[in-house]
Amino acid sequence: KAGVTQTPRYLIKTRGQQVTLSCSPISGHRSVSWYQQTPGQGLQFLFEYFSETQRNKGNFPGRFSGRQFSNSRSEMNVSTLELGDSALYLCASSLGTEGQPQHFGDGTRLSIL
Amino acid sequence: GQQVMQIPQYQHVQEGEDFTTYCNSSTTLSNIQWYKQRPGGHPVFLIQLVKSGEVKKQKRLTFQFGEAKKNSSLHITATQTTDVGTYFCAGLVRADSWGKFQFGAGTQVVVTP
């Protein structure tokens, strides 16, 4: 069974631009969560989608948004990029019932110049 | 702010020694999961604890969930170089109708031969 696939693996943007990251979950997984990982901060929860609906969200500004499609694939969008948005963005999928183990992708490394 | 605290942040271990990493929450957790992230890799699910006082073992790894379900620990005996990586705990916190995982900042483990 294929794992969680995130594209692209690397991105370089400049301040003020916007970016869209993509995540394809494991087949059969209906929940997709997004995390921001920076050194020393661990994984900060952005949001979770289940059946095309945002089921949970973290404490990030409205510049961070996401969506999920009917095939469970998810996208995350960040608008008006700031230097502090430089991070590894990880997507994780799970079956969907609460508290299930999460399966992570390799992440998208976003660098803001 | 961060509800799930993890200590220590760094752990240098001599090969063959034991060590423990601790996870503490300010609120009661529905369950707790542990993940391992190898350098350059993504977090990989290790185990989940659900019951108060639960103890689970995986070979040289022993996981505990506190009686009050507010803390957890991971103890590794006879550390090997393959244990290198960052260990994260993730506590399921239920604030609204659906729980979300709060990750600790991780314990980065370096093993010297």
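The values are calculated or read from the model by the stated rules, or taken from the named source; none is laboratory data. Since the model is a prediction, treat every value here as computed from it, not as a measurement. Every residue, glycine among them, receives a Cβ derived from its backbone with ideal geometry; neighbour counts consider all protein chains shown. To get the accessible areas, we keep the full protein, side chains included, count just its heavy atoms, and leave off ligands, DNA and RNA. Shrake-Rupley method; radii C 1.70, N 1.55, O 1.52, S 1.80 Å.
Inside 10 Å of the C-beta atoms of A:32-40, what's the mean count of C-beta atoms belonging to other chains?
Counting other chains' Cβ atoms within 10 Å and averaging over A:32-40 gives 2.
Within segment B:1-85, list the trypsin sites (Lys or Arg not before Pro) lying in a DSSP loop whose Cβ has at most 16 other Cβ atoms in a 10 Å radius.
Hits after loop and neighbour filter: B:Lys51, B:Lys59, B:Arg60.
Given a 1.4 Å probe and every protein chain left where it sits, what share in percent of the accessible area of chain A is carbon and sulfur? Show your work: numbers first, answer last.
Details: 2490 of 5240 Å².
With neighbouring chains kept in place, the figure for chain A is 47 percent.
Can you give the mean number of other chain Cβ atoms that lie within 10 Å of the Cβ atoms in peptide A:95-108?
For peptide A:95-108, the averaged partner shielding equals 4.
Which of the three applies to chain B, rounded, prolate or oblate, going by the alpha-carbon gyration tensor with a ≥ b ≥ c and a/c under 1.5 meaning rounded?
The shape class here is prolate.
Would you list A:Leu21, A:Leu83, B:Leu46 from the most to the least accessible area, probe 1.4 Å?
My answer, sorted largest first, is A:Leu83, B:Leu46, A:Leu21.
Residues of segment A:47-113: accessible area per residue at 1.4 Å, in Å²?
So segment A:47-113 comes to 43 Å² accessible per residue, rounded to a whole number.
Roughly how many Å² of A:Ser27 are accessible to a 1.4 Å probe, to the nearest 10?
Taking all protein chains as shown, A:Ser27 has close to 90 Å².
With the cut-off at 1.5 for a/c, could you classify the protein assembly as shown from its C-alpha gyration tensor as rounded, prolate or oblate?
Verdict is prolate for the protein assembly as shown.
With all protein chains present and a 1.4 Å probe, how do B:Glu67, B:Glu54, B:Glu15 order by accessible area, largest first? Show your work: numbers first, answer last.
Values: B:Glu67 145, B:Glu54 40, B:Glu15 85 Å².
The ordering from most to least exposed comes out as B:Glu67, B:Glu15, B:Glu54.
Pick from A:Gly28, A:Gly40, A:Gly96: which is most flexible by mean-square fluctuation in a GNM of chain A where alpha carbon atoms under 10 Å apart are linked?
In the Gaussian network model the winner is A:Gly40.
So, in Å, what gap is there between the alpha-carbon centers of segment A:41-113 and segment B:51-113?
23 Å
As a test of the definition: with a 1.4 Å probe, what buried accessible area, both sides summed, do you compute for B against A, in Å² to the nearest 100?
Rounded to the nearest hundred, the buried surface is 1800 Å².
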